[in-house]
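Enquirer: First, the structure itself, so that you have it in front of you.
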Amino acid sequence: MAEPQADAATNVSFKIDIVVIGAGQAGLSSAYHLSKLGLAVGRQFLVLDSNPTPGGAWQHRWPSLTLSTVNRVHDLPGMQFSEAVDTGDGAVKASVAVPEYFASYERRFNLPVYRPITAKVVCDRSGRLRIETSRETFSARGIINATGTWENPVIPAYPGAQLFRGRQLHTHDYRGAEEFAGKHVIVVGGGISALQHLDEISQVTSTTWVTRREPQFREEPFTVEDGRAAVAAVEDRVRRGLVPGSVVSVTGVSWTPALRAARDRGALKRLPMFDEITENGVRWLDGTEQRADVILWATGFRSSLDHLAPLQLREDNGGIVMGGRLATQVQKDPRIHLVGYGPSASTIGANRAGGAAARELATYLSLV
């Protein structure tokens with residue numbers, strides 16, 4: 001799209017009604033619904049993307065994550081994934097297939113995505129929202145924030161971490177199992193990513209698996225009702241202003257053929273979380289030690305919301321009180337919707353929430 005032109009009257013680079021921050025699943029879904037509501041593309045709403053190319057966080061996923069191993073890629077509204085990507089080839093990398101889909105989606109619906117540009121700070125300015133970025137400054141009446149979590153990996157603090165002579169990395173930086181051949185790897189975490197890493201790495205070298213809580217595996221298939229119950233549980237938390245919980249902590253992890261194979265070769269022997277990190281590995285409270293060359297932290301991500309800090313949206317406990325039909329509207333400031341936060345963190349949740357956020361914000365601003 002054409003770059004925004006300066007508006008001398010407001011002393012900002014671009015004045016617009018709604019800015020969508022983020023062009024992943026949640027951001028594109030929101031933009032699609034804003035367009036369908038009749039808002040003028042590029043004049044009444046705009047999408048800012050920090051990535052140089054389409055694909056959101058998917059373009060940064062590890063190469064071994066393919067269409068056959070990824071949890072699931074849900075269709076964006078109005079266009080099926082299979083229309084842009086050959087889904088019959090399960091060996092296609094997710095980091096290639098999903099960006100290809102997103103790029104086709106942006107073109108088909110003429111979505112006004114401006115990239116690469118990073119939102120640095122959002123603050124209130126004379127009744128509007130001032131958005132300072134790595135390039136221009138914008139002035140908006142409302143914001144749909146869809147920045148996701150990929151750029152905010154979580155590595156918990158443990159005593160001795162700075163002493164470890166080996167390598168520490170997070171899922172964010174994981175590229176594949178082959179680089180760990182011949183080394184002992186400790187995989188930390190009980191979520192889907194942790195188990196995928198553990199499965200791959202345990203096929204090329206020795207591993208130790210540790211988690212804070214006992215993982216909950218489920219024999220029965222994951223149903224639509226299970227998904228709704230999980231989303232409802234997380235939605236209840238954010239409506240009460242609590243920090244969103246992990247969906248997997250509600251649903252458990254379903255057995256897959258890959259996980260059953262990992263179990264059969266002994267890779268899923270889980271140990272409780274260690275108490276400290278040493279120069280050469282980790283140590284538990286009873287004195288048991290495990291030597292290691294690598295600690296892989298598959299310990300999740302937090303929502304990337306630091307740019308919204310000046311608006312003081314958080315409660316003392318770190319949560320944000322959310323409202324609206326699908327819990328996307330910030331109660332402290334109805335001009336701001338968070339999509340991809342809490343119950344809408346999944347790809348299917350982001351689709352539904354994008355539509356709700358677009359309609360509610362456009363109505364609140366009297367644009368429809």
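Enquirer: Applying the selection to the range 34-78, what residues are in contact with a Ser or Thr (Cβ under 7 Å, 6 or more places away or on another chain) and either assigned to a strand (DSSP E or B) or under 16 Å from Val20 (Cα atoms) (or both)?
Expert: Those that are in contact with a Ser or Thr (Cβ under 7 Å, 6 or more places away or on another chain) and either assigned to a strand (DSSP E or B) or under 16 Å from Val20 (Cα atoms) (or both): Val41, Leu48, Ser50, Leu76.
Results for (1) touching a strand residue (DSSP E or B) at 6+ places or on another chain (Cβ under 7 Å); (2) closer than 25 Å to Ser193 by Cα, shown as yes or no for each residue.
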site: Val73; (1), (2): no, yes
site: Asp124; (1), (2): no, no
site: Ser134; (1), (2): yes, no
site: Thr137; (1), (2): yes, no
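Enquirer: For the range 119-155, enumerate the residues that are under 24 Å from the mean Cα position of the chain (by Cα), over 22 Å from Thr328 (Cβ atoms) and of a type in the set (S, T, N, Q).
Expert: If the condition is that a residue be under 24 Å from the mean Cα position of the chain (by Cα), over 22 Å from Thr328 (Cβ atoms) and of a type in the set (S, T, N, Q), then Thr133, Ser134 are the ones that fit.
Enquirer: Here is a follow-up. Would you check which residues across the range 305-332 are touching a residue at least 12 places away in the same chain (Cβ under 8 Å) and either basic (Lys, Arg) or buried (at least 21 other Cβ atoms within 10 Å of the Cβ) (or both) and list them?
Expert: Once the filter is applied, which keeps residues that are touching a residue at least 12 places away in the same chain (Cβ under 8 Å) and either basic (Lys, Arg) or buried (at least 21 other Cβ atoms within 10 Å of the Cβ) (or both), the range 305-332 yields Leu308, Ile320, Met322, Arg325, Leu326, Ala327, Thr328, Gln329, Val330, Lys332.
Enquirer: Scan Arg352, Arg302, Arg335 and give me the residue that is at pLDDT below 95, surrounded by 19 or more Cβ atoms within 10 Å (Cβ to Cβ), among the charged types (D, E, K, R) and under 23 Å from the mean Cα position of the chain (by Cα).
Expert: None of the others qualify; the one that does is Arg352.
Enquirer: How many residues are among the aromatic types (Phe, Trp, Tyr) and either surrounded by fewer than 16 Cβ atoms within 10 Å (Cβ to Cβ) or free of Cβ contacts under 8 Å to residues at least 60 places away in the same chain (or both) if we restrict to the range 203-222?
Expert: 2
Enquirer: Turning to a different aspect of this structure: Being under 22 Å from Thr299 (Cβ atoms) and at pLDDT 85 or above is the filter here, so list the residues in the range 217-260 that pass it.
Expert: Once the filter is applied, which keeps residues that are under 22 Å from Thr299 (Cβ atoms) and at pLDDT 85 or above, the range 217-260 yields Phe217, Ala233, Val234, Arg237, Val238, Leu242, Val243, Pro244, Thr256, Ala258, Leu259.
Enquirer: Among the candidates Arg335, Arg314, Arg291, which residue alone is out of contact with any Pro (no Cβ under 9 Å at 6 or more places or on another chain), of a type in the set (Lys, Arg) and in the same structural domain as Gln168 (by TED's automatic domain parsing)?
Expert: Among Arg335, Arg314, Arg291, only Arg291 is out of contact with any Pro (no Cβ under 9 Å at 6 or more places or on another chain), of a type in the set (Lys, Arg) and in the same structural domain as Gln168 (by TED's automatic domain parsing).
Enquirer: Oh, and also: What are the residue pairs meeting all of these: first residue in the range 273-285, first residue within 13 Å of His184 (Cβ to Cβ) and in contact (Cβ under 8 Å) with a residue 24 or more places away in the chain, second residue aromatic (Phe, Trp, Tyr) and surrounded by 15 or more Cβ atoms within 10 Å (Cβ to Cβ), Cβ atoms under 9 Å, and 6 or more apart or on different chains?
Expert: Between residues of the range 273-285 that are within 13 Å of His184 (Cβ to Cβ) and in contact (Cβ under 8 Å) with a residue 24 or more places away in the chain and residues that are aromatic (Phe, Trp, Tyr) and surrounded by 15 or more Cβ atoms within 10 Å (Cβ to Cβ), the close pairs are Asn280/Phe164; Gly281/Phe164; Gly281/Phe274; Val282/Tyr158; Val282/Phe164; Val282/Phe274.
Enquirer: If only one of Val96, Val73, Val47, Val41 is among the β-branched types (Val, Ile, Thr) and closer than 23 Å to Gly191 by Cα, which one is it?
Expert: Result: Val73 is the single residue among Val96, Val73, Val47, Val41 that is among the β-branched types (Val, Ile, Thr) and closer than 23 Å to Gly191 by Cα.
Enquirer: Just one of (1) at positive phi; (2) in contact (Cβ under 8 Å) with a residue 24 or more places away in the chain trips up Ser366, so point out which.
Expert: Of everything listed in (1) at positive phi; (2) in contact (Cβ under 8 Å) with a residue 24 or more places away in the chain, Ser366 misses just condition (2).
Enquirer: Of Glu200, Glu178, which residue is closer than 15 Å to Pro63 by Cβ, charged (D, E, K, R) and buried (at least 21 other Cβ atoms within 10 Å of the Cβ)?
Expert: None of the other options fit; the residue is Glu200.
Enquirer: Also: May I ask you to list the residues in the range 161-202 that are polar (S, T, N, Q), in a helix (DSSP H, G or I) and either assigned by TED's automatic domain parsing to the domain that holds Trp62 or within 14 Å of Val294 (Cα to Cα) (or both)?
Expert: Gln162, Thr171 - these are the residues of the range 161-202 that are polar (S, T, N, Q), in a helix (DSSP H, G or I) and either assigned by TED's automatic domain parsing to the domain that holds Trp62 or within 14 Å of Val294 (Cα to Cα) (or both).
Enquirer: In the range 19-54, what count of residues is obtained for those that are crowded, with 24+ Cβ neighbours inside 10 Å and not hydrophobic (A, V, I, L, M, F, W, C)?
Expert: 8
Enquirer: Taking the range 87-131 as the search range and keeping residues that are modelled with pLDDT of 95 or more and in a loop (DSSP other than H, G, I, E, B), which one is surrounded by the most Cβ atoms within 10 Å (Cβ to Cβ)?
Expert: Here the residue is Leu111.
The values are calculated or read from the model by the stated rules, or taken from the named source; none is laboratory data. As the structure is a computational prediction, the values presented were derived from the model and not from experiment. All Cβ positions, glycine included, derive from the backbone under ideal geometry; neighbour counts span all protein chains shown.
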